[in-house]
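A.B. asks: The following block contains the structure, expressed as structure tokens.
The values are calculated or read from the model by the stated rules, or taken from the named source; none is laboratory data. Predicted model, so just to flag it, every value in this text is computed and none were measured. Positions of Cβ are generated from backbone atoms using ideal geometry, with glycine treated the same way; all protein chains shown enter the neighbour counts.
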């Protein structure tokens, strides 16, 4: 979502702030700004609507410099995208603030502050925090104390940084529901909403916990918990590659991340499978006892992660014999639910900071689940820290808003988890386990084969140049793959796309079928192939234009109204992962033709840290 960068140093920090914002561009935003305190105590603020490049150009035209500063990229929640609504915000001439999250009681706070004589210059909820701090500072001895007195008045979520022009030696930060990380330097310290923003200046990080408040100076970092008690937080050494934010030879980050999937899958499986078995101990300390007793799995996720959970549900039940439910986090947390005996709570998230998934985890942990496990791509994330077990996907930094390698590595991780459960409970034989593991070992090479279809799929994408709607069909575990394919196409090409279980055609979707609506079918060779062929005939009979992604042994031939993309045969177990890749390539190439912003599609953000 929004991005934050801050610094306290002896050197000029303006370039560090801009570089950090550029590294956070993947999160999605509509405006950017920074504020720096100069050596002679002057506050210099620059804000621009649009990309960080616009802000950088403005700073180049009117340079700012100083050793203390904060910067922000905004994704609009309160008030339209505009320079006036862009961060940082001010209270008077001294207090400066940036903020991620949503203050739910901002309207009542705004009225109270107006009664105290404060003037509001934006439509944002953030401005109330700024004025509250200024008000509390009138009676507090320090900026830290003023912030600590402000926070209990706020309802909602925030990751916020406060700066006082009169005291450039420190920044005060607070975290509740929105992530913040402190970067440790030598004679200088930094902060950000994502460690990726600071990899050019440090590798050592402190991850703030829920409710933490911290005071940061050049030489000291003091952290306080929700009750104001001084506490120590562990320092972590980051292993993320600094060039993760470099597209290299690729045109877009999404394209790069699609082609990184073979290596990402190798990383996801490394140390977790031997040549013929799953290494249960690699899942985590105590995992063996937990998995042995699991009778039910409750998956909670959003977006792409929800689709991966839907696909994995078939594996949990058909392979391990364990019942599985999948629910959208934003729905799960707002209904009364019943916890089944010996139920494993499984949360899925690329970022580990998805607000609804985190809130659902916290709620569910109070309800008596046997254990809470996360499958996640970011090791220092809130979801990982708050779960009993964490299965890291190791996909590497994913910058494109439309998730690709995070999805396929989640599927690989869950196939390993399913096999581990079946192994511990005796529902998967040694022979079956060895077969699954061999299929997993073959997966990176199979994905390479799928990527080799890039050019034919690019040519096929031309057919979608003037289309406004697309229907995706799949059966069994390939219905969620069709769901993910539709999500990818609508995210980055802005074509309205829907997925249906192919057997549902006669129950409504056939009314939409005509020559102007492409119908994309996922058709591997399995027990449902003949059923899929019947569904294809239903579309052909109504003049629909079909695009069938089929196994080479399925017996399809291209004909009028039906184009076949013939793919190599793969093991049925890993076929859902394999068929995902051509769908990603199709969405990518259609988006190129449509001329959209592939990596940062409109209205969307990478890490959704608000409801």
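A.B. asks: Out of the helices (runs of 4 or more DSSP H) lying entirely within region 221-319, which hold 1 or more residues that are under 30 Å from residue 428 (Cβ atoms)?
C.D. replies: Filter on region 221-319 gives 261-269, 287-293, 303-318.
A.B. asks: Filtering region 421-432 down to residues that are in contact with a helix residue (DSSP H, G or I) (Cβ under 9 Å, 6 or more places away or on another chain) and assigned to a loop (DSSP other than H, G, I, E, B), which residue is farthest from residue 372 (Cα to Cα)?
C.D. replies: Among them, the one singled out is 429.
A.B. asks: Given the condition modelled with pLDDT of 95 or more, surrounded by 22 or more Cβ atoms within 10 Å (Cβ to Cβ) and touching a strand residue (DSSP E or B) at 6+ places or on another chain (Cβ under 9 Å), answer yes or no: does some residue in region 326-338 qualify?
C.D. replies: Checked region 326-338: at least one residue is modelled with pLDDT of 95 or more, surrounded by 22 or more Cβ atoms within 10 Å (Cβ to Cβ) and touching a strand residue (DSSP E or B) at 6+ places or on another chain (Cβ under 9 Å).
A.B. asks: Out of 220, 212, 225, which single residue is touching a strand residue (DSSP E or B) at 6+ places or on another chain (Cβ under 9 Å) and buried (at least 16 other Cβ atoms within 10 Å of the Cβ)?
C.D. replies: On inspection, the qualifying residue turns out to be 212.
A.B. asks: In addition: Inspect region 65-74 for any residue being touching a strand residue (DSSP E or B) at 6+ places or on another chain (Cβ under 8 Å), in a helix (DSSP H, G or I), modelled with pLDDT under 95 and in the same structural domain as residue 194 (by the TED database) and give the result as yes or no.
C.D. replies: No.
A.B. asks: Test of understanding: among 151, 113, which residue is in contact (Cβ under 8 Å) with a residue 12 or more places away in the chain, surrounded by fewer than 24 Cβ atoms within 10 Å (Cβ to Cβ) and touching a strand residue (DSSP E or B) at 6+ places or on another chain (Cβ under 8 Å)?
C.D. replies: 151 is the lone residue from the list that is in contact (Cβ under 8 Å) with a residue 12 or more places away in the chain, surrounded by fewer than 24 Cβ atoms within 10 Å (Cβ to Cβ) and touching a strand residue (DSSP E or B) at 6+ places or on another chain (Cβ under 8 Å).
A.B. asks: Just one of (1) farther than 21 Å from residue 352 by Cα; (2) more than 21 Å from the chain's Cα centre (by Cα); (3) surrounded by fewer than 19 Cβ atoms within 10 Å (Cβ to Cβ) trips up residue 235, so point out which.
C.D. replies: (1) is the only condition that residue 235 fails.
A.B. asks: Tell me which residues, restricted to region 29-38, are closer than 17 Å to residue 94 by Cβ and outside any strand (DSSP E or B).
C.D. replies: Answer for region 29-38, where residues must be closer than 17 Å to residue 94 by Cβ and outside any strand (DSSP E or B): just 38.
A.B. asks: Okay, moving on. Picking from 449, 435, which residue would you name as being over 24 Å from residue 258 (Cα atoms), out of contact with any helix residue (DSSP H, G or I) (no Cβ under 6 Å at 6 or more places or on another chain), touching a residue at least 24 places away in the same chain (Cβ under 8 Å) and assigned to a helix (DSSP H, G or I)?
C.D. replies: 435 is the lone residue from the list that is over 24 Å from residue 258 (Cα atoms), out of contact with any helix residue (DSSP H, G or I) (no Cβ under 6 Å at 6 or more places or on another chain), touching a residue at least 24 places away in the same chain (Cβ under 8 Å) and assigned to a helix (DSSP H, G or I).
A.B. asks: Could you tell me which of the residues 164, 125 is in the same structural domain as residue 213 (by the TED database), in contact with a helix residue (DSSP H, G or I) (Cβ under 9 Å, 6 or more places away or on another chain) and closer than 23 Å to residue 20 by Cα?
C.D. replies: Going through 164, 125 in turn, just one is in the same structural domain as residue 213 (by the TED database), in contact with a helix residue (DSSP H, G or I) (Cβ under 9 Å, 6 or more places away or on another chain) and closer than 23 Å to residue 20 by Cα: 164.
A.B. asks: Still on this model: Give region 304-321 a look and list any residue that's surrounded by 23 or more Cβ atoms within 10 Å (Cβ to Cβ) and more than 18 Å from residue 476 (Cβ to Cβ), or say none.
C.D. replies: Passing the criteria: only 305.
A.B. asks: Could you please give the count of residues in region 376-420 that are within 12 Å of the chain's Cα centre (by Cα) and either at positive phi or in a strand (DSSP E or B) (or both)?
C.D. replies: Number of matching residues: 1.
A.B. asks: I'd like to know if region 328-336 contains one or more residues that are more than 18 Å from residue 273 (Cβ to Cβ) and touching a residue at least 60 places away in the same chain (Cβ under 8 Å). Give the steps one after another, and end with the answer.
C.D. replies: Step one: list which residues in region 328-336 are more than 18 Å from residue 273 (Cβ to Cβ), which gives 328-336.
Add one more test, that the residue is touching a residue at least 60 places away in the same chain (Cβ under 8 Å), and what stays is 330.
Within region 328-336, one or more residues are more than 18 Å from residue 273 (Cβ to Cβ) and touching a residue at least 60 places away in the same chain (Cβ under 8 Å).
A.B. asks: Name the single residue, out of those in region 469-523 being closer than 24 Å to residue 403 by Cβ, part of a loop (DSSP other than H, G, I, E, B) and in contact with a strand residue (DSSP E or B) (Cβ under 8 Å, 6 or more places away or on another chain), that is modelled with the lowest pLDDT.
C.D. replies: Result: 475.
A.B. asks: Which of (1) touching a helix residue (DSSP H, G or I) at 6+ places or on another chain (Cβ under 7 Å); (2) over 22 Å from residue 196 (Cα atoms) is the odd one out, the single condition residue 33 does not satisfy?
C.D. replies: Tallying (1) touching a helix residue (DSSP H, G or I) at 6+ places or on another chain (Cβ under 7 Å); (2) over 22 Å from residue 196 (Cα atoms), residue 33 fails exactly one: (2).
A.B. asks: Let me ask you something else. Which of the residues that make up region 166-177 are at pLDDT 95 or above and surrounded by 19 or more Cβ atoms within 10 Å (Cβ to Cβ)?
C.D. replies: The answer is 168, 170, 171, 172, 173, 174.
A.B. asks: Within region 251-281, restricting attention to residues that are at pLDDT below 90 and loosely packed, with under 15 Cβ neighbours inside 10 Å, which residue is nearest to residue 25 (Cα to Cα)?
C.D. replies: Across region 251-281, the extreme among qualifying residues is 270.
A.B. asks: Which one is surrounded by the fewest Cβ atoms within 10 Å (Cβ to Cβ) among residues in region 53-79 that are farther than 28 Å from residue 604 by Cβ and touching a helix residue (DSSP H, G or I) at 6+ places or on another chain (Cβ under 8 Å)? Talk me through it step by step, then tell me what you get.
C.D. replies: Our first condition is that a residue be farther than 28 Å from residue 604 by Cβ; within region 53-79, this holds for 60-69.
Going one step further and asking which of them are touching a helix residue (DSSP H, G or I) at 6+ places or on another chain (Cβ under 8 Å), we end up with 63-66, 69.
Details: 63: 11, 64: 21, 65: 16, 66: 22, 69: 30.
Among those residues, the one meeting the criterion is 63.
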